[in-house]
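Written out below as structure tokens is the structure these notes cover.
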4 protein chains.
Amino acid sequence: MEVGIIGLGRMGSGIAHRLIGAGHKVTVYNRTRSRTEALRSAGAIVADTPAAASAGEAVITMLADDPAIEAVMAGPEGVLQGLAKDRVHISMSTITVALSERLTVAHRHAGQRYLAAPVFGRPDAAASGKLFVVAGGDAALIDHCQPLFDAVGQRTFTIGDTPAWANVVKLSGNFLLAAMIECLGEAIALMRKSGIEPQRFVDVMTGSLFAAPAYRTYGELIAAQQYEPAGFALPLGFKDVRSVLAAAEAKGVPMPVASLLRDHFISAIARGGQTLDLSALARVAAENAGL
Amino acid sequence: MEVGIIGLGRMGSGIAHRLIGAGHKVTVYNRTRSRTEALRSAGAIVADTPAAASAGEAVITMLADDPAIEAVMAGPEGVLQGLAKDRVHISMSTITVALSERLTVAHRHAGQRYLAAPVFGRPDAAASGKLFVVAGGDAALIDHCQPLFDAVGQRTFTIGDTPAWANVVKLSGNFLLAAMIECLGEAIALMRKSGIEPQRFVDVMTGSLFAAPAYRTYGELIAAQQYEPAGFALPLGFKDVRSVLAAAEAKGVPMPVASLLRDHFISAIARGGQTLDLSALARVAAENAGL
Amino acid sequence: MEVGIIGLGRMGSGIAHRLIGAGHKVTVYNRTRSRTEALRSAGAIVADTPAAASAGEAVITMLADDPAIEAVMAGPEGVLQGLAKDRVHISMSTITVALSERLTVAHRHAGQRYLAAPVFGRPDAAASGKLFVVAGGDAALIDHCQPLFDAVGQRTFTIGDTPAWANVVKLSGNFLLAAMIECLGEAIALMRKSGIEPQRFVDVMTGSLFAAPAYRTYGELIAAQQYEPAGFALPLGFKDVRSVLAAAEAKGVPMPVASLLRDHFISAIARGGQTLDLSALARVAAENAGL
Amino acid sequence: MEVGIIGLGRMGSGIAHRLIGAGHKVTVYNRTRSRTEALRSAGAIVADTPAAASAGEAVITMLADDPAIEAVMAGPEGVLQGLAKDRVHISMSTITVALSERLTVAHRHAGQRYLAAPVFGRPDAAASGKLFVVAGGDAALIDHCQPLFDAVGQRTFTIGDTPAWANVVKLSGNFLLAAMIECLGEAIALMRKSGIEPQRFVDVMTGSLFAAPAYRTYGELIAAQQYEPAGFALPLGFKDVRSVLAAAEAKGVPMPVASLLRDHFISAIARGGQTLDLSALARVAAENAGL
């Protein structure tokens, strides 16, 4: 398939390499052009504008946040201008539900198509094609794009006809992740002040009730009080919790644990955690216990 | 080993049968005597008092809460009276940290020994020897009792020399479990009000980030709004969250998610959930969203 | 002084009448023109556009929320166009800190002046000149406008040179008010379930520690479970709590009680409270207690 | 009236002096006898035991907490032993609802009478007879004791026939007080990080919506970051919030703001606030904002 990729951070680059490896004809665009070099060497065409990267059958956006998406959508050099009729924009970024809804409408008005397909997984999973893809939108269109998802993901979950539903699911997943960190943080603060070796507690949990990689990974980081380097930066986690709160507010759903997380993210950043990993959310629990 | 079992609820009965099956010489005691019949048929000796059930090398207590333990400990017919010098009381119940600390002292003063060995697992896991045992206390003594743990559990985790540490770990595990239910409840309320099929969300979560049995089991119950029968009754979960809050207060650790859970347990019970399953904690999130 | 008033809801109308009564030359503008009739009879000039209402020495805006302000500011018929150089826009509405900051900049760029002067008090206080005015901006300019404030308020508090500071203070005051209602609601739920007459509790509080009109007014409404008519509508209170949370987020300040209020506002509205009074925030506490 | 006073801390001493001044015949008891000297000089009889102090028509207890009350009640030298049939024990201490209920029963069984009459006011109000008395119990009995209340208080509020109701009201008042401090703390943290002089905010609030002494007193302390000396010590406020939570739990009432206060009290004490004033609750809000 002829496919464009806009956004070559660690996630987008991994995805682009996987698509090239799977035999797709890949065009890439990145605002900072230097990041395109490795992909050019690997066989990608380098586009000068988002519009040029959108000239194929599909264009994938993989950017940091709403403003970054909006910046590549509009204007004469934007995706909406470059994408041909009936071609598809696949938004893989972790964006808000509201933006995903606006993109659905904008592409429909332009006679184009739109899928939301946010992913779970860190950059190494992107590079090795082990992402989990959460796809929302027209079922036949998702089927049509399945080869793209197969190149980057180990599994694709379809959520339903409404693209933004996939964003609700993705954001809620990140909420569960941040909540898990908060809870581990509270429990591990109790371990530390009780004199119990935190890693033992993590071993029990991940050896019994919670034998999930997320518990193991973050449990170990929190037990070791290792808050950097930032595999998934605290401000990004904060953005996602705010996004899930915004989506829930729009639907009339109170989410008190998400509200509590929001407060702790603000506190973590106010106390100097701007550049730390998501695991540093647990530092708030520790500091609040006088540790 | 000659071992007594006090408390023949579903958990205690399962444990007793496993110990008989493993070849141990088992004496049982239960306040309501009718529950002892099946075990007598299986080969157990039925004791008339807690003291009589404590006459062997070890006595295991498996009761509902602190008052139930305290009721079998004291007096001329109690465990403290029946247990010989250097023999061991193994407390497998989910009791408070404070009671476990008092038992440690009481047995030491009586020249007896004490292990805390609370377990993770539902009654079916007890019956099939698939519990997870969390053991706290003297390492050599735990080794000595390992055949008992092996008969009932698939794995034993040792926490350290202080028996009550095992209770801190057990209660914290139950805190994580209740917190998971609350968070799933909040997210699933959002799914329902967004028009998304809740089970799809559960499938994504348990197929990606949270491939743990606890997420699957409770995710399905909450998605289906199935709040009974009570596999693990709401009031028991409430007791455990109060116990973890009490332990944390004693150590100077705020646990805001646990506080929030406490409020939601109170609300769930006040709104008629007294006899429901732990999954009904999620009903509070749904009702608060107007569902 | 020649002064325009934009926005003739109950607050704005009361202010306009007071200014006329004090001898000022008043021009009024309202999107729905029918509301201008009473003021025309009272001697006001009725303007056709916001710009026309801004042709005097000062223009006061008193509108429901940010979008309403933004709607009258821009375009060829807007305030920015109509206000002459060095003339002043006085924003009395309860708007966000961010909008107040943008207005400060916009007027400065246009060579105009800007004061934020939000008020405390209900419509009857506006009509009788008993408002409390919280003024932020240039001290000399506030002095110059003091006759306007004196016409509508019983007292003017100056906060400092930065206009938006007055909005921070006003929003924080509304936060304290909503928090008071929440806390009274929790306590009164306890009274009701304890069998204690709620009004007795209110009498004790307002007769001892909290002899403030706000406690008396809302205490009586909550004790009587009187949630309508909406003197101050629930959705407006919700807006203010969101605004204070946004201001606090921008400054890196967690406000956990405000977060909790936000959740309870969402719940109150989701459970059918859209048209109720702010006092209905207390209904959430009651319902969560099974009342 | 012949009246005993047990507990001569700053509150109890003030009350005793007031009763002597009003012409009552006062007998005092205090565990630490040195505190009785000033009262002996003022005309009080000094008793050697709680029982001896309970030999008159009425005995008032004014002690720090539940254990202190329980310590003077029981045994051959205790109040229950010393009080004659039909004589009355007036509990003015801020005790739990549960203890007040137990005292009601105990005195009834002993053929004695019991009133709960906790008070609002600091030691200086006790010394000057300016307390607010909240009286629960038999109306005729309260009437009979009114001369005692008049000697120490500026006003007596009667709550109803059930003595413990007065304790519910008193504890709820202290909850409102701690909640006010928390909310002022959050708002003042926002002021400080916004660059606004905190005292200006306090002046606006106490000059408009919240013209109550409690707001003024604590607002000034928090604005000035003055957390000592401890007029009302943080651990005492913590005790009261725990007591109101216990009362609410017993009645099935979630009190989420009280839960949040409990967490912040734990944090304040864990971070070194053990000896500080109640105003130091606001330090948690400040520290959580990185101040």
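Quick look at the values:
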{"item": "Residue check for C:GLY75: part of a loop (DSSP other than H, G, I, E, B) and either among the basic types (Lys, Arg) or surrounded by 18 or more Cβ atoms within 10 Å (Cβ to Cβ) (or both)", "result": "no"}
{"item": "Selection count, region D:14-63, where residues are among the hydroxyl-bearing types (Ser, Thr, Tyr) and either surrounded by 22 or more Cβ atoms within 10 Å (Cβ to Cβ) or not in a helix (DSSP H, G or I) (or both)", "result": "6"}
{"item": "Per-region count, region B:184-195, residues surrounded by fewer than 23 Cβ atoms within 10 Å (Cβ to Cβ) and of a type in the set (D, E, K, R)", "result": "2"}
{"item": "The lone exception for A:ASP138 - which of (1) away from chain B (no Cβ under 14 Å); (2) charged (D, E, K, R); (3) buried (at least 24 other Cβ atoms within 10 Å of the Cβ) it fails", "result": "(3)"}
{"item": "Count of residues meeting criterion [touching a helix residue (DSSP H, G or I) at 6+ places or on another chain (Cβ under 7 Å) and either under 24 Å from A:THR49 (Cβ atoms) or modelled with pLDDT of 95 or more (or both)] in region A:99-127", "result": "15"}
{"item": "Flag for B:ALA178 being in contact with a helix residue (DSSP H, G or I) (Cβ under 7 Å, 6 or more places away or on another chain), of a type in the set (Gly, Ala, Ser), crowded, with 20+ Cβ neighbours inside 10 Å and more than 7 Å from every other protein chain (Cβ to nearest Cβ)", "result": "yes"}
{"item": "Options D:ALA233, D:ALA248, D:ALA258; residue that is in contact (Cβ under 8 Å) with a residue 60 or more places away in the chain and hydrophobic (A, V, I, L, M, F, W, C)", "result": "D:ALA258"}
{"item": "All helices (runs of 4 or more DSSP H) inside region D:234-291 with 2 or more residues being more than 14 Å from chain A (Cβ to nearest Cβ) and farther than 18 Å from C:GLY290 by Cβ", "result": "D:234-251"}
{"item": "Close pairs from region B:39-56: first under 16 Å from B:HIS107 (Cα atoms), partner part of a loop (DSSP other than H, G, I, E, B) and open to solvent by 60 Å² or more (accessible area, probe 1.4 Å), Cβ under 7 Å, at least 6 apart", "result": "B:PRO50/B:GLU77; B:ALA51/B:GLU77"}
{"item": "Region D:1-42: number of residues that are in contact with a strand residue (DSSP E or B) (Cβ under 7 Å, 6 or more places away or on another chain) and of a type outside the set (Ser, Thr, Tyr)", "result": "19"}
{"item": "Among the residues listed as B:LEU115, B:LEU209, the single one being more than 7 Å from chain A (Cβ to nearest Cβ) and free of Cβ contacts under 8 Å to residues at least 60 places away in the same chain", "result": "B:LEU115"}
{"item": "Single residue of D:VAL72, D:VAL46 found to be under 21 Å from the mean Cα position of the chain (by Cα) and either closer than 15 Å to D:CYS145 by Cβ or of a type in the set (A, V, I, L, M) (or both)", "result": "D:VAL72"}
{"item": "Conditions (1) surrounded by 23 or more Cβ atoms within 10 Å (Cβ to Cβ); (2) in a loop (DSSP other than H, G, I, E, B): number failed by C:GLY4", "result": "(2)"}
{"item": "Region D:150-169, subset within 14 Å of chain C (Cβ to nearest Cβ) and surrounded by fewer than 24 Cβ atoms within 10 Å (Cβ to Cβ), residue nearest to D:ARG102 (Cα to Cα)", "result": "D:THR162"}
{"item": "Hits in region D:100-112 - residues which are touching a residue at least 40 places away in the same chain (Cβ under 8 Å) and buried (at least 19 other Cβ atoms within 10 Å of the Cβ)", "result": "D:SER100, D:LEU103, D:THR104"}
{"item": "Number of positions in region A:196-233 that are surrounded by fewer than 21 Cβ atoms within 10 Å (Cβ to Cβ) and in a loop (DSSP other than H, G, I, E, B)", "result": "11"}
{"item": "Qualifying residue in region C:75-95 (condition: under 28 Å from C:ALA246 (Cα atoms), within 14 Å of chain D (Cβ to nearest Cβ), of a type outside the set (Asp, Glu) and in contact (Cβ under 8 Å) with a residue 60 or more places away in the chain)", "result": "yes"}
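The values are calculated or read from the model by the stated rules, or taken from the named source; none is laboratory data. Bear in mind that the values here come from a model prediction, so they are computed numbers and not experimental data. Glycine also receives a Cβ, built like all others from the backbone with ideal geometry; neighbour counts cover every protein chain displayed. Side chains are part of the model used for accessible areas, which takes the heavy atoms of the whole protein and leaves out ligands, DNA and RNA. Shrake-Rupley method; radii C 1.70, N 1.55, O 1.52, S 1.80 Å.
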